[in-house]
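The values are calculated or read from the model by the stated rules, or taken from the named source; none is laboratory data. All values derive from a computational prediction rather than experimental measurement. A quick note on method: Cβ atoms are made from the backbone with ideal geometry, for glycine too, and the neighbour counts reach across all protein chains shown. Remember, those area values only see protein heavy atoms, side chains included, never the ligands or the DNA or RNA. Shrake-Rupley method; radii C 1.70, N 1.55, O 1.52, S 1.80 Å.
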Amino acid sequence: GIKCGGVLSAPSGNFSSPNFPGLYPYETECTWLIVVAEGSSVLLSFSHFELEYHDACAYDYLQVYNGAARDQGNLLGTFCGHSPPPPFSSAWHVMAVVFRSDRHVAKHGFAAAYRKDACGGQLTGLSGEITSPRYPESYPNDAECRWSIGGAGGSGPLTLVFADFQMEGGQGCGFDYVALFDGPTVTAPRLGRYCGSTRPPRTVSSTPHLLIIFKSDFNIGGRGFKAHFYSAGECQEVFTAIKGNFSSPQYPSFYPNNLQCQWSIHLPPGYRVKVFFLDMELEGRSSLTGGCDYDHLSAFEGGTENGSLLGRWCGRESLAPITSHSNQLLLVLHTDRNTAKRGFSIAYVGVVPMNVSCTRTDFHIQIPVQSLAQLEKNRIYLGTPSCAARVVGRNFKIHTRFDTCGTESQRRNNTSVIVSTLYIDFSVGDQEDIHQYEVQCEPKKKEASVTLIAGPDPSRLSQAENLVDAQQWEGEAMDAHEIKSQDTSDIVFISICILAGLLMVIAVVGLVLL
């Protein structure tokens, strides 16, 4: 029978738990929806806070949501006990606050205040977007906005990238400007001060806090700016190791909303990147367009979103691995304002550049030394460790006959093929890490191929992919000795056939004479 909650649409206001400052009632749930003018944000603060304590806030609690929907991806925090929540700034013009009490232990509750803020605020998400007032229209004169980013569980540095920038210029940026500080206040080291129409460079803080100040004077404006920020670690990472794995923020719990996260994989020249989707559950496709219009994961060739799109995925799907055409791959996760899901888990492995060819009797394998510079030659072998590679010039090379090195004959698709396994041992100490490639030759056609059959997680990487065909890889050719050996083996094979034919003719003639 307690009335509480409701829609708060005034530019500013106050609200509190039922009966405040008295004890709040048992078994009560209240929801306040704060709605201010579109284009503004909501600033929320607490002057008093006292709820029943539990280490997981499982009894009485207060939740703050960045938007109207009570969606896990919008949740900014759950609070209880005697420590008041920090000030919050919404990412758009709506914020929701939910209070719930159980049937035991009542406290004095809370008192909160909110106000509309045209620009600036406290931003605590893993990523987000900020714009100058009225962007992309001209910003107002005599404006001053402050955005303080970080401080709600983030522990890594922050990255700020400007997507658009046009302001009044001037020597020393003394009129209109954007200033960046490496910390929560203006006493922190200044990272830069920018004006004019040249986009500021990508900025990375050395702390989990970043302060952005926008100021305009009494005349001459511009379009303003739009910028994205990312929290390094969960939301923006660069991988250079030959193999690795990563997941969406908070996986396997629901990811936050309003994310724009990037994972860049940059391997040594010659490598390609093979990505395995171990698990994926994102918001589903649009019922109107059938496309991934809401939350989605995209893969781009190279290191930027200007590269070729390799795929865009959403919903709950079992995806086949993808392989880049170069040594760089960028994965981008975009989430919108509502409907969060579990997210994704991904593993990747660098596909070693190699050339595999064969004759009717031999395998020829060569790998650039620079691709495996950290390995000794005995860590690369065909079939058994006794068939290890040797270093010839700038390449690791293996040249072996079919009757050695664990090679066996098989019949596939009604065709006789010769098969062996190439091992590349990246193990360090007691941690075993052996990548396996199946090499195959069809002697009649002298065609060879190689397939990655085990990489970072053999139990999950069972789907093989044909990686290299019989062509020599770019810029590298087999040396004259190897070409000669191939030609010699063919000549020997033909000679044996001719000799066998002559012997058969002689035998037939002998039988006729007898």
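Using only the Cα atoms of the stretch 355-461, build the gyration tensor, take square roots of its eigenvalues as a ≥ b ≥ c, and label the shape rounded, prolate or oblate: rounded if a/c is under 1.5, else prolate if a/b is larger than b/c, else oblate.
Values: a/c = 2.10, a/b = 1.38, b/c = 1.52.
Cα axes put the stretch 355-461 in the oblate bin.
Around the Cα centre of the chain, unit charges on the Cβ atoms of Lys, Arg, Asp and Glu (plus for the first two, minus for the last two) sum to a dipole of about 280 debye. For the stretch 44-53, backbone phi angles converted through the Karplus equation (6.51, -1.76, 1.60; θ = phi - 60°) give residue-by-residue couplings of 10, 9, 10, 9, 8, 7, 7, 10, 4, 8 Hz, Gly and Pro being listed as x.
Quick check on the chain: of the DSSP beta bridges with both residues there, what percent are antiparallel, nearest 5%? Within the chain, antiparallel bridges account for around 95 percent of the total. What shape does the stretch 84-155 take by its C-alpha gyration tensor, where a ≥ b ≥ c are the square roots of the eigenvalues and a/c under 1.5 counts as rounded, a/b above b/c as prolate, and the rest as oblate? Cα axes put the stretch 84-155 in the prolate bin. In order along the stretch 215-228, phi translates into HN-Hα couplings of 9, 10, 9, 7, 7, 6, x, x, 5, x, 8, 9, 9, 10 Hz, rounded to whole numbers, per the Karplus curve 6.51 cos²θ - 1.76 cosθ + 1.60 with θ = phi - 60° and x for Gly and Pro.
To put it simply, the accessible area of the stretch 355-461 at a 1.4 Å probe is 42 percent carbon and sulfur. Taking the Cβ of Tyr24 as the centre, find all other residues whose Cβ is under 15 Å away and add up their charges (Lys, Arg: +1; Asp, Glu: -1). Spelling it out: positives minus negatives among the neighbours equals -2.
Dipole magnitude for the stretch 302-375: about 300 debye, using +1 per Lys or Arg Cβ and -1 per Asp or Glu Cβ, origin at the Cα centre. Relative intensity of the stretch 5-117 on a log10 scale, I(q)/I(0) at q = 0.17, 0.18, 0.21 Å⁻¹, equals -0.75, -0.84, -1.12, per a Debye sum over C-alpha point scatterers of equal strength in the absence of solvent. Charge tally for Phe99 (other residues, Cβ to Cβ under 11 Å; Lys, Arg +1; Asp, Glu -1): -1. Close amide H contacts of Leu123 (hydrogens built in the peptide plane, cut-off under 5 Å, sequence separation of 5 or more or a different chain): Ser148, Ile149, Gly150.
Once both axes come from the Cα atoms, what is the angle between helix 480-513 and the longest principal axis of the chain, in degrees from 0 to 90, rounded to 10? Tilt relative to the chain: about 40 degrees.
I want to verify the translational diffusion coefficient of the chain in µm²/s; compute it with Stokes-Einstein, Rh as the Kirkwood radius over Cα pairs, at 25 °C and 0.890 mPa s. It diffuses with D of about 88 µm²/s by this estimate. With the charge dipole of the chain set up from +1 on Lys and Arg Cβ and -1 on Asp and Glu Cβ about the Cα centre, the Cα lying farthest toward the positive end among the listed residues Tyr26, Thr335, Val352 is that of Val352. About the centre of its Cα atoms, the stretch 122-231 shows a dipole size close to 240 debye [charges on the beta carbon of Lys, Arg (+1) and Asp, Glu (-1) only; nearest 20 debye]. Taking all protein chains together, Trp92, Trp147 sort by accessible area into Trp92, Trp147, largest first [probe 1.4 Å].
Remark: accessible surface ordering of Leu331, Leu126, Leu310, Leu503 (largest first) is Leu503, Leu310, Leu126, Leu331, probe radius 1.4 Å. Our coupling estimate for the stretch 291-297, obtained by passing each phi through the Karplus curve with A = 6.51, B = -1.76, C = 1.60 and θ = phi - 60°, is x, 8, 8, 9, 7, 7, 10 Hz, Gly and Pro reported as x. State the answer as a single residue: which of Leu375, Ser83, Cys145 lies farthest towards the positive end of the charge dipole of the chain, with beta carbon charges of +1 for Lys and Arg and -1 for Asp and Glu, about the Cα centre. In the chain, that residue is Leu375.
Pairs from the list Lys107/Lys341; Lys274/Lys445; Lys377/Lys446 with a Cα-Cα gap above 32 Å: Lys107/Lys341. When a/c reaches 1.5 or more, the comparison of a/b and b/c decides; with that in mind, is the stretch 236-351 rounded, prolate or oblate per its Cα gyration tensor? Prolate, because a/c is 1.5 or more and a/b exceeds b/c. His54 sits among other residues whose Cβ lies under 10 Å from its own Cβ, and their net charge, with Lys and Arg +1 and Asp and Glu -1, is -4. Every helix of 4 or more DSSP H residues in the chain counts as -39500 (n - 2.57), and over all residues that averages to -2500 deg cm²/dmol at 222 nm. The distance separating the Cα centre of the stretch 84-125 from that of the stretch 210-256 comes to 23 Å. Kirkwood radius and radius of gyration were both taken over the C-alpha atoms of the stretch 122-231, and their ratio Rg/Rh is 0.95. With only Cα atoms counted, the stretch 187-243 has Rg and Dmax values of 15.5, 55 Å. Restricting the GluC sites (Glu not before Pro) of the stretch 1-63 to loop positions (DSSP other than H, G, I, E, B) with no more than 14 neighbouring Cβ atoms within 10 Å leaves Glu27, Glu38.
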